[in-house]
1. When you scan the range 247-265, do you find a residue that is farther than 24 Å from TYR65 by Cβ, touching a His at 6+ places or on another chain (Cβ under 6 Å) and not hydroxyl-bearing (Ser, Thr, Tyr), even just one?
2. List the helices (runs of 4 or more DSSP H) inside the range 1-91, counting only whole elements, that have at least 3 residues being under 20 Å from the mean Cα position of the chain (by Cα) and surrounded by fewer than 23 Cβ atoms within 10 Å (Cβ to Cβ).
3. Pairs, please: C-beta under 9 Å, at least 6 apart or cross-chain, first residue of a type in the set (Phe, Trp, Tyr) and in the range 322-342, second in a helix (DSSP H, G or I) and modelled with pLDDT of 95 or more?
4. Among the residues of the range 94-102, is any on the phi > 0 side of the Ramachandran plot and surrounded by fewer than 19 Cβ atoms within 10 Å (Cβ to Cβ)?
5. Evaluate the following for LYS311: is it in a helix (DSSP H, G or I), among the basic types (Lys, Arg) and over 22 Å from ALA159 (Cβ atoms)?
6. Only one of these is surrounded by 15 or more Cβ atoms within 10 Å (Cβ to Cβ) and touching a Cys at 6+ places or on another chain (Cβ under 8 Å): ILE260, ILE222, ILE292, ILE278. Name it.
7. In the set LEU63, LEU21, which member is more than 21 Å from ILE335 (Cβ to Cβ) and in contact (Cβ under 8 Å) with a residue 24 or more places away in the chain?
8. Could you tell me which numbered condition SER161 fails, if it satisfies all but one of (1) assigned to a helix (DSSP H, G or I); (2) crowded, with 16+ Cβ neighbours inside 10 Å?
Amino acid sequence: MNMNFIRKLPIPQDLKKEFALPQEIVALKAKRDEEIRKVFTGESDKMILIIGPCSADREDAVLDYVGRLARVQEKVADKLLIIPRIYTNKPRTTGEGYKGMVHQPDPEKQEDMLQGLISMRHLHTKAVEMTGLTCADEMLYPENYRYLSDILSYVAIGARSVENQQHRLTASGLDIPVGMKNPTGGDLSVMMNSLVAAQASHTFLYRGWEVRTEGNPLSHAILRGYVDTNGRSLPNYHFEDLIALYDLYQKKNLANKAVIVDTNHANSGKKYLEQVRICNEVLHSCRHSEEIRSLVKGFMIESYIEDGAQKIGEGVYGKSITDPCLGWEKSENLIYQIADQL
């Protein structure tokens, strides 16, 4: 058999007991979750910013970055809810490259998934304790979600996972917002089918259990651009794209109509500086269409301490080792720009 079983890993319940959350963090998360829920249901007219590094590569720099976000959050609290992006699992198109903290707690050392699970939980917990901001992560592996289910306030499902049955059904059992990205080929009907599945109840096999879910009305669309048949990156955040998505939502019997606009990836062609312009264009569309303003709940922005990206081993503090990110000064200015337009 071409699969070697290395060791049995602890189940989520065991790690949650070993690294339990303080009661004040449990209460804080409940409060934050309610505030975030109201944005997606339309009860609040605030916007959501899911913002942070492409990948959470090192604890010190990530915590430094989240601390900076927390100070800005205090100044824009009447307009924005900031959800730090702490992505500890990274999809790789070819399977090569850094797969995230859950695989390699230290990007320059060998894989160690036991330590990765511990490091992942420790980082998310410490971020909330230090800043009061509950965070977002990508659900690359549906079975891993339970290791963080008591601490996350937002989950994203990526473009390469959105067609997967297990991702869709697992999303239907979460009680926090789950963003479903459009697939890399750009077919919005695939994303909409994922939303229908995630908002419905299901019985299925999960982590060795037969489980029953109630459906997740907070699941919603994420527009991230797409790649055409010639390999060119094309955007889907323009006025016409948002109206088209609104019309698709009108045809579906879904609990809430909501979209987060991903300002990087194919929308920017991975030209990270374009994220500023994209946010401003979407906000302009919101001002010119009540339908678009009711649909757009916020932005997903790739941002870190330093502009751009570096290779593993270069050692620049706070600079992405995966996709290039907007640096802190530009990110802070962008947050204030967005708040000023709401």
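1. At the first step, the residues of the range 247-265 found to be farther than 24 Å from TYR65 by Cβ are 247-259.
With touching a His at 6+ places or on another chain (Cβ under 6 Å) added as a condition, the list becomes 258.
Within this subset, residues satisfying the condition of being not hydroxyl-bearing (Ser, Thr, Tyr) are 258.
Yes, the range 247-265 has at least one match.
2. Working: elements: 12-18, 23-41, 59-75.
Qualifying helices (runs of 4 or more DSSP H): 23-41, 59-75.
3. Listed by first residue and then by second, the contacts come to TRP328/TYR65; TRP328/ARG68; TYR336/VAL72; TYR336/LYS75.
4. To start, the set of residues in the range 94-102 that are on the phi > 0 side of the Ramachandran plot comprises 95, 97, 100.
Filter again for surrounded by fewer than 19 Cβ atoms within 10 Å (Cβ to Cβ), leaving 95, 97.
Within the range 94-102, one or more residues are on the phi > 0 side of the Ramachandran plot and surrounded by fewer than 19 Cβ atoms within 10 Å (Cβ to Cβ).
5. Details: in a helix (DSSP H, G or I): no; among the basic types (Lys, Arg): yes; over 22 Å from ALA159 (Cβ atoms): yes.
Answer is no for this residue.
6. Values: ILE260 fails: touching a Cys at 6+ places or on another chain (Cβ under 8 Å); ILE222 fails: touching a Cys at 6+ places or on another chain (Cβ under 8 Å); ILE278 fails: touching a Cys at 6+ places or on another chain (Cβ under 8 Å).
ILE292 is the lone residue from the list that is surrounded by 15 or more Cβ atoms within 10 Å (Cβ to Cβ) and touching a Cys at 6+ places or on another chain (Cβ under 8 Å).
7. Working: LEU63 fails: more than 21 Å from ILE335 (Cβ to Cβ).
On inspection, the qualifying residue turns out to be LEU21.
8. So SER161 meets the others, but not (1).
The values are calculated or read from the model by the stated rules, or taken from the named source; none is laboratory data. What you see is a predicted model; the values in this text were computed from it and never measured. FYI the Cβ positions are ideal-geometry reconstructions off the backbone, even for glycines, and counts take in every protein chain you see.
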